[in-house]
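Have a look at the structure below before the remarks.
The values are calculated or read from the model by the stated rules, or taken from the named source; none is laboratory data. Computed from a predicted structure; not experimentally measured. FYI the Cβ positions are ideal-geometry reconstructions off the backbone, even for glycines, and counts take in every protein chain you see. All accessible areas refer to the heavy atoms of the entire protein, side chains included, with ligands and DNA or RNA removed. Shrake-Rupley method; radii C 1.70, N 1.55, O 1.52, S 1.80 Å.
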Amino acid sequence: INMGDPKNLADFIEHAAKDFPAKKYSLVFGDHGSGWPGILHDEGNGEDGLNMTELNTALGRATKNIGKLELIGFDACLMASMEVASAVAPYAHYMIASQETEPGSGWDYGFISRLSPGLSGGEAAKHIIDAYLADNADTLSPVSLSCIDLDALEPLKRELASVFGLLSGQVSANSYTQLARSRSQAKAIGSMVPFDYDLIDLGDLVRLYKDAGVTGAEALEAGLEKAVVYNRANDPRLTGLSIYYPFYNKDKYISPWATHYQGLDFVPEYSDFVRSVSGFWLGDPLTDWHGAGALTPASDGQRTRLRMPRQ
């Protein structure tokens, strides 16, 4: 069957709940992941995968009768992002996922023997994360796994909206340089793959904003600390949650990511911020510079150029 068909995911969850009734349910995905663009790229069905809208639809249908899942896990690369957490938050209490790429062996499922009845999703997550880090203790590649309290996501999204709603209104050609500098200094995610997903560590970006005196950065940092209830990584700059911030991969942003990202049911203020900064990133409004550094047109008789005055 096509693993990229949301109907098949919903059918599977309903079948499992009917045949194996329980007080609490967990759902774990094991396959290739690419963060918010999707998961479960079915090689037997034209690489069809589940995007966030399809994931939302399937989980919404399947959890109507059983209530929220206790835990949803992604044994896949790059899935510990704000966008993914936002998509699954209405349907689960906790989420476990990796910010970074995962080794081919994935999770160490020996953790199952250490689980006992009555554990919450957050308590079970510690066993899963500890087993995964122990299994990859000797690797030189980036390794991370975090547990997100999805019930704490709405307050975090409000803080995100507050900070980036303000920043979105301040984006200009003159301010873009500082914004770009903060973006380039933030911890990049997925550096081991020959393809840039333009994911960065949200906590690291917020730290840079806090140091720069951005309004609301401290409250956003506090919200992150409440939402990320357990996080382990072999890089101290991986704080548990990533976010998409287009900066390097222009081709993918132009088609199809820009359209898909704006279609997500995410934080509108952050989506507006992405749209604003990407306009300068793509070079569309360069002539909007004002003041001493303004670009001025000059002609050599054959073509018109924009000239930057020397400072």
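Run down K210, K226, K157 and say which single residue is under 16 Å from the mean Cα position of the chain (by Cα), part of a helix (DSSP H, G or I) and among the basic types (K, R). Spell out the reasoning first.
Working: K210 fails: under 16 Å from the mean Cα position of the chain (by Cα); K226 fails: under 16 Å from the mean Cα position of the chain (by Cα).
Matching residue, one of K210, K226, K157: K157.
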Out of region 246-256, which residues are farther than 18 Å from P142 by Cβ and either in contact with an Asp or Glu (Cβ under 6 Å, 6 or more places away or on another chain) or open to solvent by 60 Å² or more (accessible area, probe 1.4 Å) (or both)?
P246, F247, N249, K250, D251, K252, I254, S255
Considering only residues that are open to solvent by less than 50 Å² (accessible area, probe 1.4 Å), more than 24 Å from the chain's Cα centre (by Cα) and hydrophobic (A, V, I, L, M, F, W, C), look in region 1-50 and name the one that is nearest to Y197 (Cα to Cα).
I13
Failed condition for L179, given (1) more than 28 Å from E102 (Cα to Cα); (2) modelled with pLDDT of 95 or more
(2)
Yes or no: A212 hydrophobic (A, V, I, L, M, F, W, C) and at pLDDT 95 or above?
no
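Quick check on R275: is it of a type in the set (D, E, K, R) and either closer than 16 Å to G35 by Cα or modelled with pLDDT under 90 (or both)? I'd like the intermediate steps shown before the answer.
Details: of a type in the set (D, E, K, R): yes; either closer than 16 Å to G35 by Cα or modelled with pLDDT under 90 (or both): no.
Taking the combined requirement at face value, the residue does not satisfy it.
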Under 19 Å from A219 (Cα atoms), in contact with a Leu (Cβ under 8 Å, 6 or more places away or on another chain), touching a residue at least 24 places away in the same chain (Cβ under 8 Å) and crowded, with 20+ Cβ neighbours inside 10 Å, is that true of I129?
no
Filter region 30-72 down to residues that are in a loop (DSSP other than H, G, I, E, B), under 19 Å from E83 (Cα atoms) and among the hydrophobic types (A, V, I, L, M, F, W, C), then give me how many there are.
1
